[in-house]
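Take a look at the structure set out below.
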Amino acid sequence: MTNEIRLHGRGGQGTVMAAGILAQALAEEGKWAIAIPTFGFERRGAPVSAFLRVDDKPIRSLTNIYHPDVIVCIDQTLGRAVNIFAGMAPGATLVLASRKRPAELDLPPSARRLGLVDAVSIAMDLFKRPITNSVMLGALARTTGMVSLDGLARAMEGSHFRDAGLAQNLEAIRRGYDATEVLDLKESCHAYA
């Protein structure tokens, strides 16, 4: 079954890199995956998105992703600038970097699963900067179960890091996984939607 993922972030946060690492991790675990980056304003701080299509069989469709099953937002301020929920498939999973409690979030009623993690605090502790892409990969693994921490670690070991070391990023993945709160959302409990 095909799963489509959309990642949202800002330029300089590693959104496109995270999609590539995730695709590599999924491929190493025997799945078929293709990462599709998009570029608009290529500057630090501008909204950026990347897409990923995952399947258990070869992927023939190379079209854009319009109705993602999973949305990952690696920047907690991005929702004020971009509608990160646009086109979200019914029953989608959300993985959000946020300090807020679920009741404080304005979530679409069709969302069925939510992963929340205070990714900025973890990133600031590890990197001294709010670069949350590795933290959010761990959060995605915990929320969806579609990739293992070992798979992410192997893919990350094959990546090149310009600004931070491998050990820090591996720790960020693990801490993101451990700190993520996962909630199954029901239609009846969407008082905060």
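The values are calculated or read from the model by the stated rules, or taken from the named source; none is laboratory data. Fair warning: this is a prediction, and the values are worked out from it, not measured in the lab. As a convention, Cβ positions derive from the backbone with ideal geometry for all residues, glycine included, and neighbour counts pool all protein chains shown. Accessible surface is based on the protein model in full, side chains and every heavy atom, while ligands, DNA and RNA are left aside. Shrake-Rupley method; radii C 1.70, N 1.55, O 1.52, S 1.80 Å.
Take the range 137-158 and flag every residue that is open to solvent by 30 Å² or more (accessible area, probe 1.4 Å) and polar (S, T, N, Q). So that I can check it myself, show each step before the final result.
First pass over the range 137-158, keeping only residues open to solvent by 30 Å² or more (accessible area, probe 1.4 Å): 142, 144-145, 148-150, 154, 157-158.
If the condition is that a residue be open to solvent by 30 Å² or more (accessible area, probe 1.4 Å) and polar (S, T, N, Q), then Thr144, Ser148 are the ones that fit.
Among the residues of the range 51-76, write down those that are open to solvent by 40 Å² or more (accessible area, probe 1.4 Å) and in contact (Cβ under 8 Å) with a residue 60 or more places away in the chain.
Of everything in the range 51-76, those that are open to solvent by 40 Å² or more (accessible area, probe 1.4 Å) and in contact (Cβ under 8 Å) with a residue 60 or more places away in the chain turn out to be His67, Asp69.
Please name all residue pairs, on different chains or six or more residues apart, with Cβ atoms under 7 Å, provided the first residue is in the range 134-156 and is within 18 Å of Ser121 (Cβ to Cβ) and in contact (Cβ under 8 Å) with a residue 12 or more places away in the chain and the second residue is charged (D, E, K, R) and in a helix (DSSP H, G or I).
Val135/Arg175; Gly138/Arg174; Gly138/Arg175
Answer with yes or no whether Ile65 is more than 17 Å from the chain's Cα centre (by Cα), among the hydrophobic types (A, V, I, L, M, F, W, C) and closer than 19 Å to Glu4 by Cα.
Working: more than 17 Å from the chain's Cα centre (by Cα): no; among the hydrophobic types (A, V, I, L, M, F, W, C): yes; closer than 19 Å to Glu4 by Cα: yes.
So Ile65 does not fit the description; no.
Identify the single condition in (1) part of a loop (DSSP other than H, G, I, E, B); (2) within 23 Å of Gly115 (Cβ to Cβ) that Leu22 does not satisfy, given that it satisfies every other one.
Every condition holds for Leu22 apart from (1).
Residues of the range 120-149 being hydrophobic (A, V, I, L, M, F, W, C) and under 11 Å from the mean Cα position of the chain (by Cα), which ones? If you could, list the steps in order and put the result at the bottom.
Of all residues in the range 120-149, those hydrophobic (A, V, I, L, M, F, W, C) come to 120, 122-124, 126-127, 131, 135-137, 139-141, 146-147, 149.
The answer is Val135, Met136, Leu137, Ala139, Leu140, Ala141.
Could you tell me whether Ser98 is more than 24 Å from Ala172 (Cβ to Cβ), open to solvent by less than 60 Å² (accessible area, probe 1.4 Å) and either in contact (Cβ under 8 Å) with a residue 12 or more places away in the chain or not basic (Lys, Arg) (or both)? Talk me through it step by step, then tell me what you get.
Values: more than 24 Å from Ala172 (Cβ to Cβ): no; open to solvent by less than 60 Å² (accessible area, probe 1.4 Å): yes; either in contact (Cβ under 8 Å) with a residue 12 or more places away in the chain or not basic (Lys, Arg) (or both): yes.
It is false that Ser98 is more than 24 Å from Ala172 (Cβ to Cβ), open to solvent by less than 60 Å² (accessible area, probe 1.4 Å) and either in contact (Cβ under 8 Å) with a residue 12 or more places away in the chain or not basic (Lys, Arg) (or both).
Conditions tested, residue by residue: (1) more than 16 Å from Gln76 (Cα to Cα); (2) in contact with a strand residue (DSSP E or B) (Cβ under 7 Å, 6 or more places away or on another chain).
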position: Thr93; (1), (2): yes, yes
position: Leu105; (1), (2): no, no
position: Pro109; (1), (2): yes, no
position: Leu114; (1), (2): no, yes
position: Met124; (1), (2): no, no
position: Gly158; (1), (2): yes, no
